[in-house]
Structure formats: structure tokens, C-alpha cells
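Trainee: This is the structure I have questions about; it appears just below.
Values in this text are rule-based calculations from the coordinates and carry no lab data. In this text, all values refer to a predicted model and were calculated from it rather than measured experimentally. When we count neighbours, we look across all protein chains shown, and the Cβ atoms used for this are built from the backbone with ideal geometry, even at glycine.
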Amino acid sequence: MTIAEWLADAKADAEKRGLPELIPMLESLAQATERLRAADWNDDASTQPTAPSAAADLAQGGSTE
Amino acid sequence: MTIAEVAPRIARGELKSEKLTEDCLSKIEALNPKLNAFILVTGEQALARARQADKEIAGGRYLGRLHGIPVSLKDLIDLEGTPTTAASRVRRDHVAADDAVVTRRLREAGAVFVGKTNLHEFAFGTTTEDSAFGPARNPVDPTRSPGGSSGGSAIAIATGMSLGTVGTDTGGSIRIPAAACGIVGLKPEWGHISATGVVPLSRQLDHVGPLAASVTDAWIQYNALQPPSARTIELPEAAPLNRLRLGMPAGYLFDRLDADVERSVMAAIDLLRRQGATVVDVTLPHANDIAAVYLHLVFGDGAEYHARTLVTRPEDYTRNVRLRLEMARYVLAEDYIRALRGKALIAAEVDRALDGVQALVTPALAIPAPPIGATTMPVKGGPDAVRSLMLRCSQPFNLSGHPALSLPCGTTPAGLPVGLQLVGHKGRTPALVQAALAVEAAIAS
């Protein structure tokens, strides 16, 4: 699900539940989610997956093989 | 008045716990109507316990530095036989069947419980405004927030309503109010102090720890909260300042500071340099991702804990906390997992930044105590959300789990306190406290 699709669904759901105040908050959450999904530690299924210890390897400037 | 000052007098019988407790209860009676720091005052029980402590001490059974000392508990920590409200109507019918582990440890140390302190509802906020019991107010300027979520605890220490207190810190909820009220707050290393019997916000980010009038008082309480096998009898001594090596993570942690806060923090760091400390630049390469990682974790965990009552009793939450929890329910599992991986990465980066230094030095709180009701504050030209600004400097170390301490480092021209944060190595909290003692002494001089 793309963030745009998720946001559209979440806004519609909030309206349906009678919580329109959530809409600007959901837009802020969408921005944070966008940042999270763009982070360089995320895997891409078309390439080699990172090892379980990838986070530590990356912080040490080492390989993630 | 500090625990370190009065404890020897109590031990020698020169000062009675009953008198000390009466003094604290008098301050609560005088100040609480204005500052709203306490949700529950356990006056009669406290006086009975204080008289018992005096008898024990007179009989030669002194238990240590907390014996006979009036302390308070943030009201999401269980105290047997009293409600643990979490500052919410959702828990209005709750009565704790048992002490939390930290309560039991303080009780075994001889502490006297004077009451339960106000907080941001369910600890889900940084200002202590959204509470079923009304907003708590900063003792320096009651039109302003005391910070939060452990706001009532910080007020209690700053005003002498209790000499010790225990709070919790999920994104900064010990260090933020400590900075905003001009006291010391110690967030222990994650997992070192038990959270059993404490209402959770995010079990993987929650830390239980002390707020105090001095670094030594924070240590005295921390020491008693530890598992018995980890406790020490001796107080730690200040590290020699000329052998202190600190890492300063420039960038994210320093780039959105209120101008007055920035001046105080940089002046403190310059002072440490002049007095012989070495301050070197270090980096946290993924610092700009911290807020996004934190948000998805705390939202995911909060949504899980509150799912049932959000459906059955939504009207019992304060409006702002309910809305944030409702928003939290939209976080997707895949994004939560991304945040978990980011958390591990950030923890490793903090470890790397600590290589070769005793502690990191940063601001504890990017802004002074905000006016009650403010949702944004002007920082470096633009209005930023108060909540984001208040979490910015503290939440990285909830993600990483490192021990971190806030201590006062001056005031703004308006007299509002500013806090400096020191972050230590995992497994070496005593060394962090020794560094903090040195910094505290340098700033006091």
C-alpha cells in the first residue's frame, strides 16, 4: 500500500468514525511514514537482504553482507 | 534541602522524619492548589510511617539514606491500596493490589510516601496539561507548563513538596520536566530498573527513574531502585574535570534550539572546556530519522495497550490524548517493523559516538517551559510543534536505551530553567553519574 493510498483510506475511515479532527494529524503521520520508508536501512526484495545484524554493521561503517 | 544533606541528620537523630514529613505536607497544602502537582496526598499514612521510621532509627535500625525521607510517586506507579489513575478517568475505579517493584524497593529502603503526582494522561504528552485532574503548573512561572509527562514529580522536587520522587521516561518524560523546572532527572539504562507495576506507554521505550534536587540525590534514589545485587553503599565521587572527555553530537540535537537555551547550553559547554574538560565532535548519522522511528514505535505500542478502552470508553480520555491514540491505530505493521530496525541502528550509532568519550553532552530540552496551551513555539524563524521540540533532544536515548541525565545549566533572561543532558555508556551508569557530579560542580562554581 502506498502512503497516498493509506492516507486516503485513513482519512475516509476517520470521517466515517466521526473523527474529522484526525485528518490533519494523519497528514503529519504520513510525512513521518514517508521519511521512515525512505530510510537507507530498508530492504528491497529485488536485491540481497540485509543480515540480521545489519543495523550494527551499518553503524560501524562495515559490510551488510 | 537535599536528601544528601538531611539523611546524615536523620541517621544521627538530630532531625526527625516526622518533622521533615510535616514540612513537606505543609508545602503541599500551601502550594498544591496553585501548582496542581499532586493527585493524591497520603498524609496520615505518611506521618504514621515517618513516626515508625523515627522509632526504628532511634532503636539502631537505620536502613540507609532514604530511611525517613519523604518521597512521591508519579501516578502511574502502583502504591498498594491507592488508585493508580495515570491521570485518566479511564482508571478511576482502579486500586493497586500491590506495590510496583520500584515502590517496594523504596519502601524497603525506609522511604515515606507522601502522595502520587500529576502527569500527562497515560504519560502520552510532554506538558502535563492533558490530565483528568487539570494541568500542572511550572513553579517558576505558573502560566507555563512544568514539562512532562512527569510534571507533578518535577514540581514536587523543585518546591520541596517531597525530597525524592520517581517518574517514567518514554521519550523524555523524566528529563524534560527536570529541565523545565531546574532540577535533575536520571533516565536509567533501558531494562535496568523494573517497570513491573507501572502503567506502560511503550514497553520497549519506557524507563523508570528518579527526579531529584541534585545529582547525588538522583544517585541515592537510583541506587535504591536497582536490583539489590547492583547496589553500592558509597556515594560516587565527581570525575576529575580535566580528565573528562565528552562527545558533542552536532547537527540534529543542536539545530532547532531556542536562542536563549542555545546560549545557556553553549556557555555551559564552553565553561567545561575552560575548566579542563575535552569536548570532541561526534556524529549520529541517522539522527534526522529519530522522530519518525520514535513516532511509529510509541504509536504502535500505545495503540495496542489502549485498543479496548478506546472502543469502550473513548469519552473517558482527554480530547488530545484520545485523538493521538486514535491516530496511533493507523500505523501499519510494516512501518512498525521499519521503525524497529531503525531503533537498532540508532542504538548502534550512539554506541559508536560514545567510543573514546565518557559521555555525550547535549541540550536536554530545546525550548524553555512553554506557556500552557501553546501548540507551537517560534524557533529559528519558524513555528515548530511544541511536542516535537520538547522530545527532540531526549527521545534519541529512549530509542537507544542508553542512560541519560538532565541537570540545570542556567536560566533564560526570563528566569526559566535550561537543562544540559549527559548520555553515558550502557552498563556504566556510575561513570555517567561521576561525570554529572563534575559538570554540576563546575556549573555551580
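Trainee: What ranking of B:Lys74, B:Lys343, B:Lys27 emerges when the number of other C-beta atoms within 10 Å of each C-beta is taken as an exposure proxy, fewest first? Could you put the intermediate results ahead of the total?
Mentor: Working: B:Lys74 31, B:Lys343 22, B:Lys27 18.
Result, fewest neighbours first: B:Lys27, B:Lys343, B:Lys74.
Trainee: Roughly what percent of Cα-Cα pairs across the stretch B:46-91 reach past 11 Å? Present the calculation step by step, with values, prior to reporting the outcome.
Mentor: Values: 753 of 1035 pairs.
Counting every Cα pair in the stretch B:46-91, those more than 11 Å apart make up 73 percent.
Trainee: For Cα pairs less than 8 Å apart in space and 6+ apart in sequence, what is the mean separation divided by the residue count of chain B, i.e. the relative contact order in percent?
Mentor: On the way: 1063 pairs, mean separation 76.1, N = 445.
Computed value for chain B: 17 percent relative contact order.
Trainee: Find the percent of Cα-Cα distances in the stretch B:326-445 that exceed 26 Å, and round it to a whole number.
Mentor: On the way: 2508 of 7140 pairs.
Considering the stretch B:326-445, 35 percent of its Cα-Cα pairs are separated by more than 26 Å.
Trainee: Please report, ordered by residue number, every helix of chain B (full DSSP H runs) that is 20 Å or longer along its axis going by C-alpha atoms and whose mean Kyte-Doolittle hydropathy reaches 1.0.
Mentor: Details: long enough: B:17-35 (26 Å, -0.48); B:43-58 (22 Å, -0.84); B:259-274 (22 Å, 0.19); B:290-312 (33 Å, 0.69); B:333-353 (30 Å, -0.07); B:429-444 (22 Å, 1.49).
Taking the DSSP H segments of chain B (at least 20 Å long, mean hydropathy at least 1.0), we get B:429-444.
Trainee: Note down the relative contact order for the stretch B:73-195 as a percent, whole number, built from C-alpha pairs under 8 angstrom at least six residues apart. Walk me through the numbers before you get to the answer.
Mentor: On the way: 252 pairs, mean separation 26.3, N = 123.
It rounds to 21 percent for the stretch B:73-195.
Trainee: Counting Lys +1, Arg +1, Asp -1, Glu -1, what net charge surrounds B:Gly209 among other residues with beta carbon under 12 Å of its beta carbon?
Mentor: Details: positive: B:Lys74, B:Arg175, B:Lys187; negative: B:Asp169, B:Glu189, B:Asp206.
Its environment carries a net charge of 0.
Trainee: Bin width 5 Å, alpha-carbon pairs only: give the P(r) of the stretch B:210-358 as whole percents, running from 0 to the bin holding the largest distance.
Mentor: 2, 7, 11, 10, 12, 16, 16, 12, 8, 4, 1, 0
Trainee: Whole-Hz Karplus ³J(HN,Hα) for the stretch A:23-38, in order, using 6.51 cos²θ - 1.76 cosθ + 1.60 and θ = phi - 60°, x for Gly and Pro?
Mentor: Those phi angles translate into 4, x, 5, 5, 5, 5, 4, 4, 5, 5, 5, 4, 4, 4, 6, 7 Hz.
Trainee: Okay, moving on. Using only C-alpha atoms and all pairs of different ones, pull out the Kirkwood radius for chain B in Å with one decimal. Present the calculation step by step, with values, prior to reporting the outcome.
Mentor: Numbers: mean 1/r = 0.0467 Å⁻¹.
Kirkwood radius, chain B: 21.4 Å.
Trainee: If you average 1/r over all unlike Cα pairs in the protein assembly as shown and invert the result, what Kirkwood radius do you get in angstrom?
Mentor: Working: mean 1/r = 0.0435 Å⁻¹.
Result for the protein assembly as shown, one decimal place: 23.0 Å.
Trainee: Same structure, new question: Could you compute Rg(Cα) / (2.2 N^0.38 Å) for the stretch B:83-187, with N its residue count? Before the final figure, lay out the partial values.
Mentor: Values: Rg = 13.2 Å, N = 105, 2.2 N^0.38 = 12.9 Å.
It is 1.02.
Trainee: Based on other C-beta atoms within 10 Å, arrange B:Ser173, B:Ser229, B:Ser26 from fewest to most.
Mentor: Details: B:Ser173 36, B:Ser229 5, B:Ser26 12.
Ascending Cβ contact count within 10 Å gives the list B:Ser229, B:Ser26, B:Ser173.
Trainee: Sorting A:Lys11, B:Lys380, A:Lys16 on the 10 Å Cβ count, fewest up front, what's the list? Present the calculation step by step, with values, prior to reporting the outcome.
Mentor: Details: A:Lys11 18, B:Lys380 11, A:Lys16 8.
Taking fewest neighbouring Cβ atoms as first place, the list is A:Lys16, B:Lys380, A:Lys11.
Trainee: Counting pairs of alpha carbon atoms under 8 Å apart in space and at least six apart in sequence, what relative contact order in percent does the stretch B:245-373 give?
Mentor: Relative contact order of the stretch B:245-373: 46 percent.
Trainee: Dividing the alpha-carbon radius of gyration of the stretch B:181-238 by 2.2 N^0.38 Å (N being the number of residues), what value is obtained? Mind showing how you got there, number by number?
Mentor: Working: Rg = 12.2 Å, N = 58, 2.2 N^0.38 = 10.3 Å.
In units of the 2.2 N^0.38 Å rule of thumb, it is 1.18.
Trainee: Name the trypsin sites (Lys or Arg not before Pro) in the stretch B:220-316 that are in a loop by DSSP and that have at most 14 other C-beta atoms within 10 Å, would you?
Mentor: B:Arg231
Trainee: What is the diffusion coefficient of the stretch B:271-368 in µm²/s, taking the Kirkwood radius over Cα pairs and the Stokes-Einstein relation at 25 °C with a viscosity of 0.890 mPa s?
Mentor: Diffusion coefficient, whole number: 150 µm²/s.
Trainee: Follow-up. If you take the alpha carbon radius of gyration of the stretch B:1-88 and divide it by 2.2 N^0.38 Å, what ratio comes out, to two decimals? Intermediate values should be presented prior to the final figure.
Mentor: On the way: Rg = 14.0 Å, N = 88, 2.2 N^0.38 = 12.1 Å.
Rounded to two decimals, the normalised Rg is 1.16.
Trainee: In the stretch B:212-268, which GluC sites (Glu not before Pro) fall in coil by DSSP and have 14 or fewer other Cβ atoms within 10 Å? All intermediate terms of the calculation are to be shown ahead of the outcome.
Mentor: Numbers: sites: B:Glu234, B:Glu237, B:Glu262; in loops: B:Glu234, B:Glu237.
Qualifying residues, ordered by number: B:Glu234, B:Glu237.
Trainee: Which of the residue pairs A:Lys11/B:Lys426; B:Lys16/B:Lys74; B:Lys74/B:Lys343 have a Cα-Cα distance greater than 31 Å in the structure shown?
Mentor: A:Lys11/B:Lys426
Trainee: Taking each residue in B:288-301, count the Cβ atoms of any other chain within 10 Å of its Cβ, then average. What number comes out? Could you put the intermediate results ahead of the total?
Mentor: Values: counts 2, 7, 0, 3, 10, 5, 1, 6, 4, 0, 0, 2, 0, 0.
Averaged over the peptide's residues, the number is 3.
Trainee: Dividing the convex hull volume of the Cα atoms of the stretch B:232-288 by its residue count, what figure in Å³ per residue is obtained? Let's see the in-between values first.
Mentor: Working: hull volume 7.3 nm³, N = 57.
For the stretch B:232-288, the hull spanned by Cα atoms encloses 128 Å³ per residue.
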